[in-house]
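J.: Below you will find the structure I want to go over with you.
The values are calculated or read from the model by the stated rules, or taken from the named source; none is laboratory data. No experiment lies behind these values; they were computed from the predicted model shown. Here the Cβ is made from the backbone with ideal geometry for all residues, glycine too, and neighbour counts use every protein chain on show.
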């Protein structure tokens, strides 16, 4: 049996007045059943676009310009209308940063859950309500019978996100895509939601793609990590490998830039400059203007994600795994 | 207490959000009554800031930390309590009386997209505070000062004619810091200055803030919800919950041996890169609203150690030795 | 020079160049405004010169029709004035009254809206109730009242000379609440932004914060409603003149021309009403279309790259 999800060379472009902008450029990764993957990157890296592209929800002027998304043996990029709707919400659910993107403010929680169920399954209102109650219990909402009659605004931020998780679980999906699900929440609530998500994915055998900028959060939840930069995956591997032995200079910089409480008061490691905007992605390796180990080749040739000899991580960097290639710095010295 | 830069005593700030008179009227038991809705944002907060230190105020959204900062700077009028700056009382001053302190106390804001006037160039934004506080200053002197500060915050002084929308978020935050530094302040309140920024840019800004502190001898009041940032930059930490300070301690003490049960829960919830799948202390229930504060200790409804006394009596912020202050009956009684 | 460079590369100019409706409207508007400004130079006759008009020429059809006279391209009105010239002069009056009234509305409205939005509370409630009261009087009622007061104070005789400022005053007073509400709404949005707090931390006076920091940031919606208000003011003026409350027939605006022709429309002299009518519709239409375009361009929510 193949992978649950196989994203291959996915490419998304936005048709704008100055021409097409490439938002993600050749993103590939795989996810097995019940596996959890963290898609990590800073704003503008293309991680959310990747999430939307998987469920074919790129809105105009964006479009998928290349690559495939094989979910359970079917290519989703070609699906439209009815076929995609069957997948979305049924087999793949999405959780957003803002719960109000999922919840309709003028309908009760119960109505929304029942309608979602009835849209995907041919069941009675009674049966749907029973499933809704069960899911609310799963996300540990106290007195769920009473809560079903309430409107979204009657819940706190953390409770709303729990309900969104419950809605995502309604149809027992095989995959949940969670886009910054706890960014808007306080740390104590973030810890609760993340634990909940983790426990549910483990007990139900659900796959999870966690899209976030927060490496620390990802490290608690996922088995695999893919680090994105300027529309590409620059490093991918097992969570512990990425965190403990990052290879790509960007991943290294990112981890070292986090204040971790071990050396208070000292200067933090900073990556110079900022991530390029989509309009002016540099030629060659898009990270090279900020990179400390760049060589000549980085200026004109874009590196591909490859296995690095002697390591388990995959990384897209020319300068890794070389015997001895003089870097610019070496040459200057 | 002359050696304290800032001394806040029993500060109270409430917001009346009940709206117009008509909206306040309600019918209760057949009679028309006037009902007012008051948000108790800051309740009886006492704090002090020593010169040269970084005091961080942490807490979750709605705990009153931003209100505290804004009241301290006179953006809100306090409803009770006193604020001292180097021993001079500064609350309730008129606009004019406040002016000399305005140049000493500055603020850096959270949202780099909203904190700069979009219709003013960088030059205009930066020179306004200087010219306002030193009307006699010459034009070339202002230009030099703008260029100098821009250099210090790492923005190319050749870009002074540009408008804020031409800069990235990190650069805007640098300009925002430059504006605060223009008047040569002693005390800077930084309200979530890095929360809106990406990790790699966040490190740049934190470094800049630490450098500026070292070069200019600044004192910071740092408002944030990000505990790893707090641990990195502050000398002391005040933890707030529902408008009250529940713990005030030097950073190392706080992170190594948190006293208050809320501080313990909060610290345990920080995800740690190298401690994967660690267990956090789960609190029961939810944060009550500041409109309807619980009696006694505001935390008692969620506290695993609460007893009868906690629900009746408000705990005072007690000295626990070594500059550690905790507002908890259980700690005071030695139960935890 | 730098400003010009910036303008040349702006999204504003770009979207203008790619919207043919906006270009056509802008060109037509420009032509109409030029025509109205240059009316005394380009009009073949001077309709205000009673010596040069001849009642014998009254109600002449356009030149291409039977009985037409090549001297009067679009025919003549009931007093024997050349219709084309009268229309050009009328357009001139309409534009003057429209712009004057909008300037007055803007001054009153921006001031009240700014105070109202910034101060909030009781001041806000009081000023906005005044605006509500003002809005519940129609322009017509305001016109009747002010005209009545005016005629008692100055006598009917001087009405003709003072009609233009009077109409500016009437339309200006009747519609300032539009501005006040728009400005108040954007001030409410701006006043809690962090740059305003930063200005307060610096210690700037409330007046300076209001006019130097907040006001420039409320100008986009003001610009948009200004275009629409000019069109509205021209329409109001035409309506008032049509009802006989506006410009006298000796100094006709487009509205009074339409009115004067209306009585003769069934006796066959359709052109006296039709041509000024078309001119009025075209003028108002291009302004409104430009206003719509401007609203789309300046709306930051619709702004894309």
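J.: So which residues in the range A:130-147 are surrounded by 18 or more Cβ atoms within 10 Å (Cβ to Cβ) and part of a helix (DSSP H, G or I)? Before you say what the answer is, go through the steps one by one.
T.: Within the range A:130-147, the subset surrounded by 18 or more Cβ atoms within 10 Å (Cβ to Cβ) is A:131-133, A:135-136, A:138-139, A:141, A:144, A:147.
Hits for the range A:130-147 are A:131, A:132, A:133, A:135, A:136, A:138, A:144, A:147.
J.: Sticking with this one: Determine whether residue B:261 is modelled with pLDDT under 90 and under 24 Å from residue A:189 (Cα atoms). Break it down stepwise before answering.
T.: Working: modelled with pLDDT under 90: no; under 24 Å from residue A:189 (Cα atoms): yes.
Against the criterion (modelled with pLDDT under 90 and under 24 Å from residue A:189 (Cα atoms)), residue B:261 does not qualify.
J.: How about the range A:78-90: which of its residues are in contact (Cβ under 8 Å) with a residue 24 or more places away in the chain and either crowded, with 19+ Cβ neighbours inside 10 Å or not in a loop (DSSP other than H, G, I, E, B) (or both)? Step through it out loud before you land on a result.
T.: Here is the first cut: in the range A:78-90, the residues in contact (Cβ under 8 Å) with a residue 24 or more places away in the chain are A:80, A:84, A:86-90.
Across the range A:78-90, the qualifying residues are A:84, A:86, A:87, A:88, A:89.
J.: When residues of the range A:276-309 are filtered for being under 22 Å from residue A:9 (Cβ atoms) and either within 14 Å of chain B (Cβ to nearest Cβ) or not in a helix (DSSP H, G or I) (or both), how many remain?
T.: The qualifying residues number 17.
J.: Within the range B:7-48, can you find the residues that are closer than 21 Å to residue C:121 by Cα and assigned to a strand (DSSP E or B)? Give the steps one after another, and end with the answer.
T.: The initial filter retains those residues of the range B:7-48 that are closer than 21 Å to residue C:121 by Cα, namely B:13-26, B:34-41.
Listed by number, the residues that qualify are B:13, B:14, B:15, B:16, B:25, B:26, B:34, B:38, B:39, B:40, B:41.
J.: Further question: Inspect all residues belonging to the range C:213-234 and state whether any of them is assigned to a helix (DSSP H, G or I), free of Cβ contacts under 8 Å to residues at least 24 places away in the same chain and surrounded by 21 or more Cβ atoms within 10 Å (Cβ to Cβ). Don't jump to the end; show me each part of the working.
T.: The initial filter retains those residues of the range C:213-234 that are assigned to a helix (DSSP H, G or I), namely C:213-234.
Checking the rest, the ones that are also free of Cβ contacts under 8 Å to residues at least 24 places away in the same chain come to C:213, C:216, C:219.
Remaining after also requiring surrounded by 21 or more Cβ atoms within 10 Å (Cβ to Cβ): C:213.
Checked against the condition, which is being assigned to a helix (DSSP H, G or I), free of Cβ contacts under 8 Å to residues at least 24 places away in the same chain and surrounded by 21 or more Cβ atoms within 10 Å (Cβ to Cβ), the range C:213-234 yields at least one hit.
J.: Please tell me if residue A:110 is at pLDDT below 90 and either touching a helix residue (DSSP H, G or I) at 6+ places or on another chain (Cβ under 7 Å) or in a helix (DSSP H, G or I) (or both).
T.: Values: at pLDDT below 90: no; either touching a helix residue (DSSP H, G or I) at 6+ places or on another chain (Cβ under 7 Å) or in a helix (DSSP H, G or I) (or both): yes.
The answer is no for residue A:110.
J.: Out of everything in the range C:5-34 that is within 14 Å of another protein chain (Cβ to nearest Cβ) and exposed (fewer than 11 other Cβ atoms within 10 Å of the Cβ), what residue ends up being farthest from residue B:161 (Cα to Cα)?
T.: We begin by selecting, within the range C:5-34, every residue within 14 Å of another protein chain (Cβ to nearest Cβ); these are C:5-7, C:9-19.
Among the residues that remain, those that are also exposed (fewer than 11 other Cβ atoms within 10 Å of the Cβ) are: C:5, C:7, C:9, C:17-18.
Details: C:5: 13, C:7: 15, C:9: 16, C:17: 27, C:18: 29 Å.
Selected residue: C:18.
J.: Related question: Working only within the range B:115-142, note down all residues that are free of Cβ contacts under 8 Å to residues at least 60 places away in the same chain and not in a helix (DSSP H, G or I). Before the answer, list the steps.
T.: So in the range B:115-142, the residues free of Cβ contacts under 8 Å to residues at least 60 places away in the same chain come out as B:117-142.
Within the range B:115-142, B:117, B:118, B:119, B:120, B:121, B:134, B:135, B:136, B:137, B:138 qualify.
J.: Exactly one condition in (1) surrounded by 23 or more Cβ atoms within 10 Å (Cβ to Cβ); (2) within 27 Å of residue A:229 (Cβ to Cβ); (3) modelled with pLDDT of 90 or more; (4) out of contact with any helix residue (DSSP H, G or I) (no Cβ under 6 Å at 6 or more places or on another chain) is false for residue B:203; which is it?
T.: (4)
J.: Among the residues of the range B:121-131, write down those that are facing another protein chain (nearest Cβ under 10 Å) and surrounded by 19 or more Cβ atoms within 10 Å (Cβ to Cβ).
T.: Going residue by residue through the range B:121-131, those that are facing another protein chain (nearest Cβ under 10 Å) are B:124-125, B:128-130.
Of everything in the range B:121-131, those that are facing another protein chain (nearest Cβ under 10 Å) and surrounded by 19 or more Cβ atoms within 10 Å (Cβ to Cβ) turn out to be B:125, B:128, B:129, B:130.
J.: Please state which of the following conditions residue C:244 fails to meet, knowing it meets all the rest: (1) farther than 23 Å from residue B:131 by Cβ; (2) at the interface with another protein chain (Cβ under 10 Å from one of its Cβ atoms); (3) not in a helix (DSSP H, G or I).
T.: (2)
J.: Another question, then. Criterion first (within 14 Å of chain A (Cβ to nearest Cβ), in contact (Cβ under 8 Å) with a residue 40 or more places away in the chain, touching a helix residue (DSSP H, G or I) at 6+ places or on another chain (Cβ under 8 Å) and farther than 30 Å from residue B:61 by Cα) does residue B:154 satisfy it? Spell out how you get there, then give the answer.
T.: On the way: within 14 Å of chain A (Cβ to nearest Cβ): yes; in contact (Cβ under 8 Å) with a residue 40 or more places away in the chain: yes; touching a helix residue (DSSP H, G or I) at 6+ places or on another chain (Cβ under 8 Å): yes; farther than 30 Å from residue B:61 by Cα: yes.
Taking the combined requirement at face value, the residue satisfies it.
J.: Run down C:181, C:208 and say which single residue is closer than 27 Å to residue C:292 by Cα, at pLDDT 90 or above and in a helix (DSSP H, G or I). I'd like the intermediate steps shown before the answer.
T.: Details: C:208 fails: closer than 27 Å to residue C:292 by Cα.
Residue meeting the stated conditions: C:181.
J.: Could you check the range B:133-151 and list, in sequence order, the residues that are in contact with a helix residue (DSSP H, G or I) (Cβ under 6 Å, 6 or more places away or on another chain) and farther than 23 Å from residue B:207 by Cβ?
T.: Residue satisfying the conditions is B:142 alone.
J.: Let me ask something else. Take residues that are more than 12 Å from the chain's Cα centre (by Cα) and away from chain B (no Cβ under 14 Å) and tell me which of the strands (runs of 3 or more DSSP E) falling wholly in the range A:1-71 contain 1 or more.
T.: Details: elements: A:5-16, A:19-31, A:36-40, A:62-71.
Answer list for the range A:1-71: A:5-16, A:19-31, A:62-71.
J.: Look at residue B:99 and say whether it is assigned to a loop (DSSP other than H, G, I, E, B), at pLDDT 90 or above and either surrounded by fewer than 19 Cβ atoms within 10 Å (Cβ to Cβ) or at the interface with chain C (Cβ under 7 Å from one of its Cβ atoms) (or both).
T.: On the way: assigned to a loop (DSSP other than H, G, I, E, B): no; at pLDDT 90 or above: yes; either surrounded by fewer than 19 Cβ atoms within 10 Å (Cβ to Cβ) or at the interface with chain C (Cβ under 7 Å from one of its Cβ atoms) (or both): yes.
No.
J.: So, one more: Pairs needed: first member in the range C:198-209, more than 7 Å from every other protein chain (Cβ to nearest Cβ); second member anywhere, assigned to a loop (DSSP other than H, G, I, E, B); C-beta distance under 8 Å; at least 6 residues apart or different chains.
T.: C:199/B:117
J.: Out of C:131, C:103, I need the residue that is assigned to a helix (DSSP H, G or I), away from chain B (no Cβ under 14 Å), touching a helix residue (DSSP H, G or I) at 6+ places or on another chain (Cβ under 6 Å) and on the phi < 0 side of the Ramachandran plot. Which one? Can you show your working first?
T.: Details: C:103 fails: touching a helix residue (DSSP H, G or I) at 6+ places or on another chain (Cβ under 6 Å).
Result of the check over C:131, C:103: C:131.
J.: Go through the residues of the range A:118-130 one by one and say whether even a single one is within 28 Å of residue A:217 (Cβ to Cβ), at pLDDT below 90 and touching a helix residue (DSSP H, G or I) at 6+ places or on another chain (Cβ under 7 Å). Spell out how you get there, then give the answer.
T.: First pass over the range A:118-130, keeping only residues within 28 Å of residue A:217 (Cβ to Cβ): none.
No.
J.: If you take the residues in the range B:14-50 that are within 20 Å of residue B:294 (Cβ to Cβ) and under 16 Å from the mean Cα position of the chain (by Cα), which one is surrounded by the most Cβ atoms within 10 Å (Cβ to Cβ)?
T.: Out of the qualifying residues, it is B:42.
J.: Given the residues B:258, B:290, B:294, which is the only one that is out of contact with any strand residue (DSSP E or B) (no Cβ under 6 Å at 6 or more places or on another chain), over 22 Å from residue A:217 (Cα atoms) and crowded, with 18+ Cβ neighbours inside 10 Å? Reasoning before the result, please.
T.: Values: B:290 fails: out of contact with any strand residue (DSSP E or B) (no Cβ under 6 Å at 6 or more places or on another chain); B:294 fails: crowded, with 18+ Cβ neighbours inside 10 Å.
Of the residues listed, the single one that is out of contact with any strand residue (DSSP E or B) (no Cβ under 6 Å at 6 or more places or on another chain), over 22 Å from residue A:217 (Cα atoms) and crowded, with 18+ Cβ neighbours inside 10 Å is B:258.
Yes/no matrix, rows are residues, columns are (1) within 13 Å of chain A (Cβ to nearest Cβ); (2) more than 16 Å from residue B:230 (Cα to Cα); (3) under 21 Å from the mean Cα position of the chain (by Cα); (4) in a strand (DSSP E or B):
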site	(1), (2), (3), (4)
B:162	no, yes, no, no
B:171	yes, yes, no, no
B:175	no, yes, yes, no
B:180	no, yes, yes, no
B:196	yes, no, yes, no
B:203	yes, no, yes, no
B:213	yes, no, yes, no
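J.: Next question, about the same structure. I'd like to check something: does the range C:29-50 contain any residue that is over 24 Å from the mean Cα position of the chain (by Cα), at pLDDT 80 or above and in a helix (DSSP H, G or I)?
T.: No, there is no match, as no residue in the range C:29-50 is over 24 Å from the mean Cα position of the chain (by Cα), at pLDDT 80 or above and in a helix (DSSP H, G or I).
J.: Select from the range A:274-295 the residues that are surrounded by fewer than 14 Cβ atoms within 10 Å (Cβ to Cβ) and touching a helix residue (DSSP H, G or I) at 6+ places or on another chain (Cβ under 9 Å) and write down the one among them that is nearest to residue B:170 (Cα to Cα).
T.: Just the residues of the range A:274-295 that are surrounded by fewer than 14 Cβ atoms within 10 Å (Cβ to Cβ), to begin with: A:277, A:279-280, A:283, A:292.
Then drop every residue that is not touching a helix residue (DSSP H, G or I) at 6+ places or on another chain (Cβ under 9 Å), which leaves A:283, A:292.
Values: A:283: 23, A:292: 21 Å.
The residue in question is A:292.
Yes/no matrix, rows are residues, columns are (1) away from chain A (no Cβ under 11 Å); (2) more than 23 Å from the chain's Cα centre (by Cα); (3) farther than 26 Å from residue B:41 by Cβ:
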position	(1), (2), (3)
B:256	no, no, yes
B:261	yes, no, no
B:289	no, no, no
B:301	yes, yes, no
B:304	yes, yes, yes
B:308	yes, yes, yes
